[in-house]
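Chemist: Pasting a structure below so you can have a look.
Just so it is clear, none of the values below were taken in a lab; they were calculated from the coordinates. Source: prediction; values computed, not measured. Glycine also receives a Cβ, built like all others from the backbone with ideal geometry; neighbour counts cover every protein chain displayed.
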Amino acid sequence: MSLTRTRTRARARARALCTVAALALGVPVAFSGPAVAAVPTYAVYLQNSVTGLNAADNGGTVAAHNPKGNEDHQQWTPVAVSGGHQLRNADESGICLGRGGTSAVTTTCGADGTTWTITEAANSTYTIGVPGTSQYLTGASSDSSVVQIGSSGTYARWYLTPVTYATTAMPSTDTRTLDQVSFLTSHNAYANGVDGNFASFPVSLFPNQSRGVAQQLTDGVRGFMLDAYTVSGQAVLCHNSCDGVSSPVPLATDLQRMVDFLEAHPGEVVTVFLEDYTASDILKSSLASVSGLSDVLYRPDQEGVATSGWPTMADLAARGKQLLIFSDRTRASDVSSGYTTRDTFGVMYQREWTVENYWSMGGGIGDSDWSCYSRWGTSRPLTTDSPAFHPLFVMNHFRDYTVSGTAETDNAKLLNRAQTFCTPAARKKPNYLAVDRYDLGSPSPLTTVGNLNTYVLTAGQ
């Protein structure tokens, strides 16, 4: 027998003896092998790759819940043990993910059925299997449904999403891409009580903003949420309804303000999000009346973005393509209504290009709900992604109606929610942070956006 082979076997025996000793002392062991080596050793969310829902301890059962940060027993720490890994609940000492028949349960970590085989799969996902079987942890298709033990299939792939992401410095100004940048966004930007009438009583008592759109642009707002209705053959801006609203502001008026600003500030980019109640021919006519709009309008559908990714900010500035417009209408609804599809005149269907969390944190006063999940359900979760194209993430952070004191308190917590709740929920940094009363809060929403623009998430997590 060769000396090399003898030494190899000796090293193997030594490793085995060390492993046995460590296990006898109850010390977690990181076993060798490519699958085990890829398993994180830090706290994670078990996030289903299809639905974006997290596995949460629900009083002894494990249920699929909307992501809710550290408020819902959704955090787990993988720990290597003999035969695989345990998944220990990060905020319940001695509690592990286990099995009870065909359902996932929580139980003491010393109980049977708490060891899992965690295997790296494709596209940053993992399978979480029952050792020695073809059974796997299987997610549910809707919030609050029980997580099951079943065969490999659609819902048997999981992200081990970091509770806290590692970050790297933001790329240089000439190389950073649109999807790496965050923008301050004004929710119901037109409902400001300065530019004109926006609602009838009593909605008019609760403006979402306190400054006109021109001032918002000057202050650093770069995303604008606008509600477009049809009155007298043109698109106008109203909140909830235009009934009883005298002389609402035309959509074209605010778009003209934005185009004029962009022409005077060639390095800036502005995005418009339409809550769109217009027929496409009405919207097209309103856009056609905006001088210079076609010169600055960016068309991702004509630029290969869906296959090649978003351009750099420097490229957009150099070409003067500084304005994006999205509609919350769907292509299917336009086709079924017999309308011209909106992307033929440069208005993108938002659900094809972005992801967006559910918009409400609750009523105007009282406690807020920081759950961060898709406003479009599990058919388009916040985690929607592909290797080449990363949808832009619109993060809503506001209440059902605006109370200035509440908005001030909420806005001061924007960074915390963005980093600890919504970033892991979407597995991406928010690109648009939409708030009411952007002028309130300490730190201000603009300061929060500046903080987010100092880094990107480290790849491969």
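Chemist: Of all DSSP beta bridges located in the chain, what percent are antiparallel, nearest 5? Could you put the intermediate results ahead of the total?
Modeler: Details: 52 of 82 bridges.
Roughly 65 percent of the DSSP beta bridges within the chain come out antiparallel.
Chemist: May I pose another question? What is the diffusion coefficient of the chain in µm²/s, taking the Kirkwood radius over Cα pairs and the Stokes-Einstein relation at 10 °C with a viscosity of 1.306 mPa s?
Modeler: Details: Rh = 24.2 Å.
Using the Kirkwood radius from Cα pairs, D works out to 66 µm²/s.
Chemist: Could I ask something else about it? Between residue 232 and residue 61, with labels modelled 7 Å along Cα→Cβ, what's the label distance in nm to one decimal, could you check?
Modeler: Result: 5.8 nm between the two label points.
Chemist: A further question on this structure: Which aspartates and glutamates have a Cα less than 19 Å from the Cα of residue 428, not counting those fewer than 8 places away in the same chain?
Modeler: 179, 352, 356, 385
Chemist: Follow-up. Taking 0.36 nm per intervening residue step and subtracting the Cα-Cα distance, what contour gain separates residue 332 from residue 367 on full extension?
Modeler: Working it through step by step, the gained length comes to 8.9 nm.
Chemist: Compute the distance in nm between two label points, each set 7 Å from the Cα along the Cα-to-Cβ direction, one at residue 205 and one at residue 319.
Modeler: 4.9
Chemist: For the stretch 216-309, report the translational diffusion coefficient in µm²/s to the nearest whole number, using Stokes-Einstein at 4 °C, 1.567 mPa s, and a Kirkwood Rh over Cα pairs.
Modeler: In µm²/s, the coefficient is 89.
Chemist: Follow-up. How would you rank 131-141, 60-70, highest first, on the average number of other Cβ atoms within 10 Å across their residues?
Modeler: Top of the packing list down: 60-70, 131-141.
Chemist: Specify the inter-centroid distance of the stretch 82-135 and the stretch 177-195, based on alpha-carbon positions, in whole Å.
Modeler: The distance from the Cα centre of the stretch 82-135 to that of the stretch 177-195 comes to 43 Å.
Chemist: D for the stretch 188-267, whole µm²/s, Stokes-Einstein with Kirkwood Rh over alpha-carbon pairs at 4 °C and 1.567 mPa s: what number?
Modeler: On the way: Rh = 12.9 Å.
It comes out at roughly 101 µm²/s.
Chemist: On the principal axes of its Cα set, how long, how wide and how thick is the stretch 303-394? Give whole Å, largest value first.
Modeler: 47, 38, 26
Chemist: Let me ask you something else. Say R0 is 41 Å: what FRET efficiency, to the nearest 0.05, do residue 240 and residue 112 get from their beta-carbon distance?
Modeler: E between residue 240 and residue 112, to the nearest 0.05, is 0.15.
Chemist: Rg and Dmax in Å for the stretch 33-162, alpha carbons only: what are they?
Modeler: Using the Cα atoms of the stretch 33-162, the pair Rg, Dmax is 12.8, 35 Å.
Chemist: If one computes the Cα centroid of the stretch 233-280 and of the stretch 397-422, what distance in Å separates the two points?
Modeler: So the two Cα centres are separated by 25 Å.
Chemist: Calculate the spin-label point distance for residue 459 paired with residue 152, positioning each point 7 Å from the Cα along the beta-carbon direction, and give it in nanometres.
Modeler: Roughly 2.7 nm, to one decimal.
Chemist: Oh, and also: How high is the FRET efficiency between residue 451 and residue 219 when r is their beta carbon distance and R₀ equals 22 Å, given to the nearest 0.05?
Modeler: 0.80
Chemist: To continue, here is another question. What's the Cα-based Rg to Rh of the stretch 393-461, Rh via Kirkwood?
Modeler: Ratio of gyration radius to Kirkwood radius for the stretch 393-461: 0.99.
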